[in-house]
Amino acid sequence: MPVIHREHITGDSELALWKVTESNDELISLLNKKGKYPDIPFFRNPSRLAEWLAARALLAELGVKQRVGYDEHGKPHLEGAGLYLSISHSHGFIAVIISKKNRVGIDIEQTGDRIHRVSHKFVNESEKAWLPEINNTLHLYVIWGAKECAFKIYGYGSVDFKDHLEVRPFELNSKGHTSVIFKKDLNPCEYRVFFQSLENMMITYAIAE
């Protein structure tokens with residue numbers, strides 16, 4: 001399946017979403033048609049290979065020709081492109097965001113009740129104070145996604161999602177925004193975060209302005 005969602009966020013930032021229905025051979029063929037011949041790494045799990053291929057097929061659909069590289073912390077970048085990049089995948093969906101000027105972060109998650117089992121690991125007391133006591137599943141996915149985006153923008157690892165990150169209260173709609181405060185360094189900063197639900201997925205993304 002080709003791109004199922006594409007959105008220009010600003011004049012120089014764009015996100016897109018791909019739902020993987022192709023076989024790995026079909027994804028490789030799609031890349032070859034775009035003039036990209038990937039040096040495919042070894043994956044024991046075929047679904048991980050599909051995610052790897054689909055991310056590059058999605059970037060090719062956006063007109064990106066450069067190779068994806070990774071730094072020592074595992075943060076992706078486009079080699080020699082002068083573009084900022086973030087990638088996320090979940091249950092057969094691939095999301096990417098690219099920007100010419102700003103650091104970016106994106107997260108996509110398939111929603112479900114399982115997040116309640118791990119919420120104690122990333123929800124802090126300040127967030128509990130405004131978080132609804134019931135019917136808060138999607139709120140939790142926005143909180144998690146906002147923190148994941150901030151973590152990706154930071155890019156240096158060793159971030160405690162409870163102590164170093166705090167999400168501001170927000171109104172839950174199918175599409176909305178909030179912000180997350182990053183408090184690890186001596187000078188705290190705040191990132192504006194946007195979220196939207198699509199096909200039982202929660203997409204969050206942030207742009208460092």
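The values are calculated or read from the model by the stated rules, or taken from the named source; none is laboratory data. No experiment lies behind these values; they were computed from the predicted model shown. Quick reminder, even Gly has a Cβ in these numbers, built from the backbone with ideal geometry, and neighbours come from all protein chains shown.
For segment 31-77, taking the residues that are surrounded by 11 or more Cβ atoms within 10 Å (Cβ to Cβ) and aromatic (F, W, Y), the one that is farthest from G92 (Cα to Cα) is identified as F43. For segment 129-162, a residue qualifies if it is of a type in the set (G, A, S), modelled with pLDDT of 95 or more and over 12 Å from the mean Cα position of the chain (by Cα), and exactly one does: A129.
Here L59 meets the list (1) of a type outside the set (F, W, Y); (2) in contact with a helix residue (DSSP H, G or I) (Cβ under 6 Å, 6 or more places away or on another chain); (3) closer than 17 Å to D107 by Cα almost entirely, failing just condition (2).
Residue-by-condition table, conditions (1) in contact with a strand residue (DSSP E or B) (Cβ under 8 Å, 6 or more places away or on another chain); (2) outside the structural domain of I153 (by TED's automatic domain parsing); (3) hydroxyl-bearing (S, T, Y):
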{"site": "I9", "(1), (2), (3)": "yes, yes, no"}
{"site": "L30", "(1), (2), (3)": "no, yes, no"}
{"site": "K34", "(1), (2), (3)": "no, yes, no"}
{"site": "Y37", "(1), (2), (3)": "no, yes, yes"}
{"site": "P46", "(1), (2), (3)": "no, yes, no"}
{"site": "A50", "(1), (2), (3)": "no, yes, no"}
{"site": "A57", "(1), (2), (3)": "yes, yes, no"}
{"site": "L62", "(1), (2), (3)": "yes, yes, no"}
{"site": "G82", "(1), (2), (3)": "no, yes, no"}
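Residues of segment 24-41 that are part of a loop (DSSP other than H, G, I, E, B) and either touching a residue at least 40 places away in the same chain (Cβ under 8 Å) or under 23 Å from the mean Cα position of the chain (by Cα) (or both): P38, I40, P41. Which of the residues that make up segment 1-18 are of a type outside the set (A, V, I, L, M) and in a strand (DSSP E or B)? Matches in segment 1-18: H5, R6, E7, H8, T10, S13, E14, W18. Every test in (1) over 30 Å from E209 (Cβ atoms); (2) exposed (fewer than 14 other Cβ atoms within 10 Å of the Cβ); (3) in contact (Cβ under 8 Å) with a residue 60 or more places away in the chain is passed by G92 save one, and that test is (2). Number of residues in segment 145-176 that are closer than 20 Å to I97 by Cα, aromatic (F, W, Y) and either touching a Phe, Trp or Tyr at 6+ places or on another chain (Cβ under 7 Å) or assigned to a loop (DSSP other than H, G, I, E, B) (or both): the value is 2. Kindly provide the set of residues from segment 184-201 that are more than 30 Å from V20 (Cα to Cα) and part of a loop (DSSP other than H, G, I, E, B), ordered by number. Hits for segment 184-201 are K184, D185, L186, N187, P188.
Of the candidates V123, V142, the single residue that is assigned by TED's automatic domain parsing to the domain that holds G176, β-branched (V, I, T), in a loop (DSSP other than H, G, I, E, B) and surrounded by 11 or more Cβ atoms within 10 Å (Cβ to Cβ) is V123.
Among the residues of segment 184-209, those that are polar (S, T, N, Q) and under 16 Å from F93 (Cα atoms) comprise Q196, S197, N200, T204. Do we find a residue being in contact with a Cys (Cβ under 8 Å, 6 or more places away or on another chain), closer than 22 Å to F195 by Cβ and in a strand (DSSP E or B) anywhere in segment 86-93? Taking every residue of segment 86-93 in turn, at least one turns out to be in contact with a Cys (Cβ under 8 Å, 6 or more places away or on another chain), closer than 22 Å to F195 by Cβ and in a strand (DSSP E or B). Just one of the listed residues (A95, A50, A60) is under 20 Å from M202 (Cβ atoms) and among the small types (G, A, S), namely A95.
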